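Derivation of every value follows stated rules applied to the coordinates shown; laboratory data play no part. What you see is a predicted model; the values in this text were computed from it and never measured. Don't worry about glycine lacking a Cβ; one is built from the backbone with ideal geometry, like all the others, and counts go over all protein chains shown.
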Amino acid sequence: MATAAEQWVLVEMVQALYEAPAYHLILEGILILWIIRLLFSKTYKLQERSDLTVKEKEELIEEWQPEPLVPPIPKDHPALNYNIVSGPPSHNIVVNGKECINFASFNFLGLLDNPRVKAAALASLKKYGVGTCGPRGFYGTFDVHLDLEDRLAKFMKTEEAIIYSYGFATIASAIPAYSKRGDIVFVDKAACFAIQKGLQASRSDIKLFKHNDMADLERLLKEQEIEDQKNPRKARVTRRFIVVEGLYMNTGTICPLPELVKLKYKYKARIFLEESLSFGVLGEHGRGVTEHYGISIDDIDLISANMENSLASIGGFCCGRSFVIDHQRLSGQGYCFSASLPPLLAAAAIEALNIMEENPGIFAVLKEKCKQIHKALQGISGLKVVGESFSPAFHLQLEDSTGSREQDVKLLQEIVDQCMNRNIALTQARYLEKEEKCLPPPSIRVVITVEQTEEELERAASAIKEVTRAVLL
Amino acid sequence: MANPGGGTVYNGNLHKNQKQSNGSGSGDCTGNGIVKETQQNGKTHIYEKRIVESFEEAPLHVMVFTYMGYGIGTLFGYLRDFMRNWGIEKCNAAIEREEQKDFVPLYQDFENFYKRNLYMRIRDNWNRPICSAPGPWFDVVERVSDDYNWTFRFTGRIIKDVINMGSYNYLGLAAKYDESMRTVKDVLKAYGLGVASTMREMGTLDKHQELEDLVAKFLNVEAAMVFGMGFATNSMNIPALVGKGCLILSDELNHTSLVLGARLSGATIRIFKHNNAQSLEKLLRDAVIYGQPRTRRAWKKILILVEGIYSMEGSIVHLPQIIALKKKYKAYLYMDEAHSVGALGATGRGVTEFFGIDPGEVDVLMGTFTKSFGASGGYLAGRKDLVDYLRVHSHSAVYGTSMSPPIAEQIIRSMKLLMGLDGTTQGLQRVRQLAKNTRYFRQRLQKMGFIIYGNESSPVIPVLLYMPSKVAAFARHMLEKKIGVVVVGFPATPLAEARARFCISAAHTREMLDTVLEAIDEMGDLLHLKYSRHMQSARPELYDETSFELED
């Protein structure tokens, strides 16, 4: 049946073809040809749009003028006029030919020219020479490095420590070793430059909270929690970190660690703590901000500090549980791919640790001195003291800004220069203004060390007072 | 741009993944990488010296076995992970605290798979502690593992006088204290170790200035600046030079520090094939012609990042061609001479001297003091306006602690020695000795039939081992023979190209090198490492020592 019907239709079609008028057939033929043309022609002409000729290309190459590699710097740029120290940068320092008392170097414990430290370094020099000529993996691990790591871990009462050959590289390498693209880092706005660079290298999502403002941090954590509930699958692999400093380099303030630890467990975020200023300063034994607050060090996932301040050597270290720290031995870029710390610097750091362990009283002395000068500097008209009273590095900022940063810097520099004439060596806190995430206001950073006598502290305070009065009025 | 053509190319396919893109290097290369690259760039032929560089390809069966080795290792890894998960095998790895078990895991499982299951098997070959200066001999602290490399225990014994083929001690200036280091001792006594401030605040010492002036003089450039760490010299200064809207063209084998610096700068990064001028030219052309993607704005500036000697390949940058390209396209050149400064050139001035090029042609000269100078830290050198700019904008000048004074003094001492300022020719002799040793060692290895990479003048000599098990066997056996060698595998090299790397030093005597070569020869037979198929074609007349000496 079906085939018969089909055949009938075919026959009918042929018949219709015969019967159709000629004009109809011609029209249909034209339509078919047009469709074919449409199918095979290009809708636009690529040729006209691009494909420069060789000559045009050569012209473009000829015409292109790059910016200079570096823009010219005026000869009188203030940054080119930096301090030159002749001789050691110790308690008595010769800056630009002037003999001063040093209130600028982070030599908190005065170990920089300690004879014991020097003797230990000398012994190391005799045995090992200077350089290590290799990264840790390739015969650049010396027994001294292992000793130092061991000693640091013991000192901090943690399982493991890892040393870097440069202070800046420590936290800047540690952060990207753990936090990757997609992870979330909550970080204090006042965090130092090394942390900022570490975060940038990690390519994680960065959430800034207001300096030391736990409510703001909790708000962000809560926001994230809500976000996580929307997408639980993603949340299961998104690591969360809180990065803070013990004593903030840029503000001289201490972080509210007990609250941070509470938030850590509440929102399940790990804490990375940068202790370059607080290690060897805070706490009864100088273990830093954890000891200061009496918080178990196990509650902090990673502590990093440099050995360039209290220990007066070079390099930095991270410490914590082996589960966390050991990972850096293959993933910390500044650890794996850099030459290891010269053994004499490691030996010096070990000896500095010995001295710290033998004289735990030193930290109380430092604290007293900080308090003394802090008190003495209160009430200078035009200058305010920013930072904790027990912080050995704090800032003096202008009470009333002139409105222009440049002008402020000039005023402060005038104060610094005049103090220098009175044999007090100070320096402004220097920043790369365009690079900083949240640029701190200009300030003079005062550094206290145990070597400064009461009389010297008094002298410094009164010098700053008098000079400020002269400059600002 | 003339194609260097057919059989004479430096065996372009350095890595397997580039095979297709470089037609001239397919399959077996009869030239054994001997090249006469006179006119890479059609217009300029400023340099007519022959670059002898070889990257011989492995025989196919070796590649097959290598991948099979990794395959079996991976399978076993899965099996053992499975057993660990079910508690059949004890897991030795450190574990998360109980209190934080409900946190998002700090590591994703697969991240550590390689480390746990492959690296762990052979990790005794790295991080071996030593307890002497990294001179031509060193003392290795003996350690054993009772749990298959999860933990190590020191036996208390010391393996004395191991021949050191691993340290970057090219000029032999890293040694234990002797009278020549007296000034270092004096500076240490006078200055102490630390500086406790940054260069911009209170950390520029007279020692640093002395060093900077000397570095500039040594390199024959206008000015120089020194930094406390070599790695940071790259990673903290490249961002000061380029930024958004700029283009970085980076060699694919550049060191991590350069890569990090480039990444931190915020500039667009494009990678060119290792030491391949054609690849670079293509990128340069396209960049200048087409500008930035999407907006089509012209690039603000283009910075080429290269290294002098590539530390894993032993190749030397093809500087003459790169300079010609940089001039033609008005790009800037940043050259990291970490391994080459002190080690190359008739008087140790580095790659520029090696090729007879004015150092002023390179816009930014970077180098480290860790290697040839036996110290630590790095420098940037070039025109005065560059250095002035860096003093203002360098990240490490503002935020990084400056260099320790005794370290600075060690560099000053080494540099003076090299410049002959100590009144002797000792420095020059060292440079010559290094060149001699390098040639001798490379030539002998080649004759033995090993596949070695790199330039004939490069003191970094990688010997290809390919298989991960051979890596371990080689290093362990060599140490038994009291020879300390460095072996490298993934991720520092491509997966299938694990290798041993020898660093030649001027302090190596002929006897030491012979001892080492004999041991390598033995190992080569034992482990079947002599993969080269050009044993017979190693042209004696080319590798004759005298002919090379004429060339310098």
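The ratio of the alpha-carbon radius of gyration of region B:278-360 to the globular-protein estimate 2.2 N^0.38 Å is 1.24. Taking one quarter of the surface of the C-alpha convex hull of the protein assembly as shown gives a mean projected area of 54.5 nm². Hey, with R₀ at 25 Å, roughly what FRET efficiency would B:F490 and B:I88 work out to, going by the Cβ-Cβ distance, to 0.05? Given R0 = 25 Å and the Cβ-Cβ separation, E is 0.30. Show the residues, 5+ positions off or on another chain, whose built amide H is closer than 5 Å to the amide H of B:Y332. Under 5 Å from the amide H of B:Y332: B:I302, B:L303, B:I304. Greater than 20 Å separation of Cα atoms is the criterion. Which listed pairs, B:K244/B:K300; A:K180/B:K115; A:K55/B:K330; B:K160/B:K447; A:K127/B:K481, meet it? Long pairs (Cα-Cα over 20 Å): B:K160/B:K447; A:K127/B:K481. Residue-wise HN-Hα couplings along region B:520-533, as the Karplus relation 6.51 cos²θ - 1.76 cosθ + 1.60 with θ = phi - 60° gives them from phi, are 5, 4, 4, 5, x, 6, 5, 9, 6, 9, 8, 7, 5, 9 Hz; Gly and Pro carry x. Take the Cβ-Cβ distance between A:E63 and A:W34 as r, set R0 to 56 Å, and report the resulting FRET efficiency rounded to the nearest 0.05. With R0 = 56 Å, the Cβ-Cβ based efficiency is 0.75.
Measuring against 25 Å, Cα to Cα, the residue pairs B:K371/B:K416; A:K189/A:K266; B:K327/B:K436; A:K222/A:K262; B:K176/B:K530; A:K118/A:K154 contain B:K327/B:K436; B:K176/B:K530 as the ones spanning a longer distance. Placing unit charges on the Cβ atoms of the charged side chains and taking the dipole of region B:443-492 about its Cα centre, the candidate lying farthest along the positive direction among B:L465, B:Q446, B:G484 is B:G484. The stretch between A:L472 and A:E458 holds 2.9 nm of extra length on full extension. This uses 0.36 nm per residue minus the Cα-Cα distance. Pull out a ≥ b ≥ c, the square roots of the eigenvalues of the alpha-carbon gyration tensor of region A:316-455, then state rounded if a/c is under 1.5, prolate if not and a/b is larger than b/c, and oblate in the remaining case. The shape class here is oblate. Hey, which lysines would be in cross-link range of A:K98, C-alpha to C-alpha under 24 Å, not counting anything within fewer than 8 residues on its own chain? Within the straight-line limit of under 24 Å, A:K98 reaches these lysines: A:K75, A:K410, A:K465, B:K189, B:K207. Using the rule -39500 (n - 2.57) for each DSSP H run of four or more residues, divided by the residues of chain B, the 222 nm mean residue ellipticity is -10500 deg cm²/dmol.
The calculated FRET efficiency for A:Q229 paired with B:M68, based on their beta-carbon distance and R0 = 41 Å, is about 0.30. Remark: the protein assembly as shown carries a charge dipole of roughly 720 debye about the Cα centre, counting +1 on each Lys and Arg Cβ and -1 on each Asp and Glu Cβ. The separation of region B:179-194 from region B:276-342, counted between C-alpha centres, amounts to 41 Å. Averaged over peptide B:224-232, the number of partner chain Cβ atoms lying within 10 Å of each residue's Cβ comes to 5.
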